[in-house]
Amino acid sequence: MTSDIRKLEKSNCKSCEFQFETILPFCPNCGGRVIRKRLTIKSVFQEFYQNIFNIDNKFIITLIDLTIRPQKVFTAYISGARKKYYNPVSLVAIAIVLGTLMSSLMYEELEKEDNSDLQENAYSIGFKSAGGSEEELQEQMKDPEFQKKMEKSKQESLETQKKVNTFVKNNLGLIAYLNIPIYALIAFLVFINKKLYNFAEMVSIVLYQNAYTTLIGFLLSLLFYILGFNVFILSAVSFLTVFIYSNYSFQRLFNFSAKQLIIVNLKFFLVSFVVVLLISILGVALFVLALYLSK
């Protein structure tokens, strides 16, 4: 028995190879839990349950505090107290995976939508705006050649829409990550007079906001999808989730009054317009330059 105890006096951590006394339940170097039993199906499910559903888990705590007191999560991460809360980049990664899943379902429903009347309605509005009458429009609609052109145009429009949907669906993660620094820049410019947070710190705040709204939007969209709501309603729900939570979290962070919050929203609108306009101009300029250099 004594020899068995001596054999177990020292052990190497399976994660970092640090040597420590085997009686310790955790590695003093990396904090990894000491596993003495063999892996079983039961232990796999127990660990999964503990990591996901344990109320002490950082993931759950982060979501709870982002709901009740988001300013606490923002300021804790920025000040360096990062052990208690889930890393915002990791949280965004999880949210994007769920968001991509929901978007796939939404785009499948969107492709099932019958949009055949949209193009005809657009043509009708354009025809009448140009001075044509309803009788002339109906007469033209009966023309076989016109019907062929309209059908061909519908097919081309449908193919283009499918390509756009496929691109967005396959690159949702990239699009989401690209939007974060742009939105953070807008927020930084809106609150620059307060001189409280630099651009990098504002990025971390926006990361948490983005992750939370994506997760909540996923749950709400999933519920509405099960209930059979139209895909456009799902999109509206996602937009409202972002708008409401952004206002709520910034209000808690800066302690705005209702009047100040209205002013902040107006600033967001104006700054967003200017930033998007400048980015669009820059994009067009780079496109023209690329065409010029390719000749």
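Figures for the structure shown
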item: The lone exception for residue 197 - which of (1) assigned to a helix (DSSP H, G or I); (2) crowded, with 16+ Cβ neighbours inside 10 Å it fails; result: (1)
item: Conditions (1) at pLDDT 65 or above; (2) farther than 30 Å from residue 254 by Cβ: number failed by residue 108; result: (1)
item: From the options 289, 227, 240, residue that is over 22 Å from residue 97 (Cβ atoms) and either of a type in the set (Ser, Thr, Tyr) or not assigned by TED's automatic domain parsing to the domain that holds residue 78 (or both); result: 289
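The values are calculated or read from the model by the stated rules, or taken from the named source; none is laboratory data. Just so you know, these numbers come straight off a predicted model, no measurement behind them. Here Cβ is always computed from backbone atoms with ideal geometry, including for glycine, and neighbour counts include all displayed protein chains.
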